[in-house]
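Heads up, the thing below is written out as structure tokens.
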Amino acid sequence: MGSSPSQSNLPPVNLCAFPFILNAQAKTTMLQTDAELQMQMAVSGANLHNVFMLLTLEPHLARNPYLVLHVRRNHLVSDTLRELTVYSDVDLKKPLKVIFDGEEAVDAGGLTKEFFLLLLKELMDPVYGMFTHYKESNLLWFSDKCFVEQNWFHLIGIICGLAIYNSTVVDLHFPLALYKKLLDVSPSLEDFKELSPTEARSLQQLLDYEGRDVEGTFLLNFAITRENYGMTEVKELVPGGESIAVDNTNRKEFVDSYLRYVFSDSVDEQYSAFSAGFLKVCGGEILSLFQPSELMAMVVGNNNYNWEEMEKNAVYKGEYSATHPTVRLFWEVFHEFPLEKKKQFLLFLTGSDRIPIHGMESLRIIIQSTTAEEHYLPVAHTCYNLLDMPRYQTKEILRRRLTQAVEQYEGFSLV
């Protein structure tokens, strides 16, 4: 009888080869651990270089161990574009530090979050025409007509990557189709239903039609009309598409061409620039472990709310504690809010109505007492998840003031 092989001769098991056994949180932890290792390598490389420069008496060639962005609040986009052009791909792996011109605050994480929120708010401004806003779904997609250079889309891609790398949830209203494309998965009709439900239903009706006279019933050809700032343009989905009628034999091809036009052909340059920026920061083998929905949750968070967990993890400052009468009133009022109002509060306090992929336990809010009188509203410091709350004496006053503050908040969202 032959002896059985010893355990030491067995090949090692690589869990990354079996992504289906890892949940989204485990994959995110792996990616963030990989990010931290790459950050440490970038920092160590810079420190080693600096020691060498000191030894050779050339300290002016020293490298900063951080990715430092010096920006002015009123020139955020242009300053960020300028700053990022001087950094290499390796520099993007370093921990991010943001310095706002003329301000002395040290970036302990709050300024970085504020930077992401303010920059993305400006980049999403409809005045630039970078994205089409689908009112029916309240989602964005790349615009085929815009007034900015492609490096703006590249910048948004880098910013999304940096947000992941620096464990910051950003409030981006993109459909799942974007995350599919980043993972080389083709968007489907189901993705179009998420983005533009009415248009997608029309395509579904075309596919489901059981009659024989598809051509006479739908009167379609392989071309679509698009409105652009008051001008109507005809876009052919295939060469010579205006002269090709949609019939029973080619309707599936028409729908596929329609989806390819919306998600790829019409926005190829814009998406390619965005993708190149994103993958410059977050590309790599670990990213391929993610399902599109998991990647989406890592960027924009998820909606697995656990409000009791949020209360349990809350931190109190000043005169407040978990047993303070005003704090008890606050949580009574908050838990009585309907879901949409709770989400509004989350947006008001943190800059996003979604939570990090690791769940409520990773979201820590701070409630701080103030000397303001009862007729003042609570004030949110979004960058630090910090709520300044006067010492309200009654539940009704607290409810009214908190509701006013939440409803007046414009936030960084589209609507």
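Annotations for the structure displayed:
- Test result for Gly283, out of contact with any Phe, Trp or Tyr (no Cβ under 6 Å at 6 or more places or on another chain), without any contact (Cβ under 8 Å) to a residue 40 or more places away in the chain, surrounded by 13 or more Cβ atoms within 10 Å (Cβ to Cβ) and within 22 Å of Leu120 (Cβ to Cβ): yes
- Residue in the stretch 191-209 that is modelled with the lowest pLDDT, counting only those that are under 16 Å from Ser257 (Cβ atoms) and of a type in the set (D, E, K, R): Glu199
- In the condition set (1) aromatic (Phe, Trp, Tyr); (2) over 30 Å from Asn221 (Cβ atoms); (3) surrounded by 17 or more Cβ atoms within 10 Å (Cβ to Cβ), Phe263 is compliant with all but (2).
- Some residue of the stretch 182-194 being touching a Ser or Thr at 6+ places or on another chain (Cβ under 8 Å), part of a helix (DSSP H, G or I) and farther than 25 Å from Thr112 by Cα: yes
Residue-wise test of (1) out of contact with any strand residue (DSSP E or B) (no Cβ under 7 Å at 6 or more places or on another chain); (2) of a type in the set (A, V, I, L, M, F, W, C).
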residue	(1), (2)
Leu176	yes, yes
Tyr179	yes, no
Leu189	yes, yes
Ser196	no, no
Leu203	yes, yes
Gly211	yes, no
Thr217	yes, no
Thr225	no, no
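- Verdict on Leu76 being at pLDDT 75 or above and outside any strand (DSSP E or B): yes
- Subset of the stretch 202-253 [loosely packed, with under 11 Cβ neighbours inside 10 Å and in a loop (DSSP other than H, G, I, E, B)]: Glu210, Gly211, Arg212, Asp213, Leu219, Tyr229, Gly230, Pro239, Gly240, Thr249
The values are calculated or read from the model by the stated rules, or taken from the named source; none is laboratory data. Predicted, not measured: the structure shown is a model, and the values here were computed from it. So basically every Cβ, Gly included, is an ideal-geometry build from the backbone, and we count neighbours across all protein chains shown.
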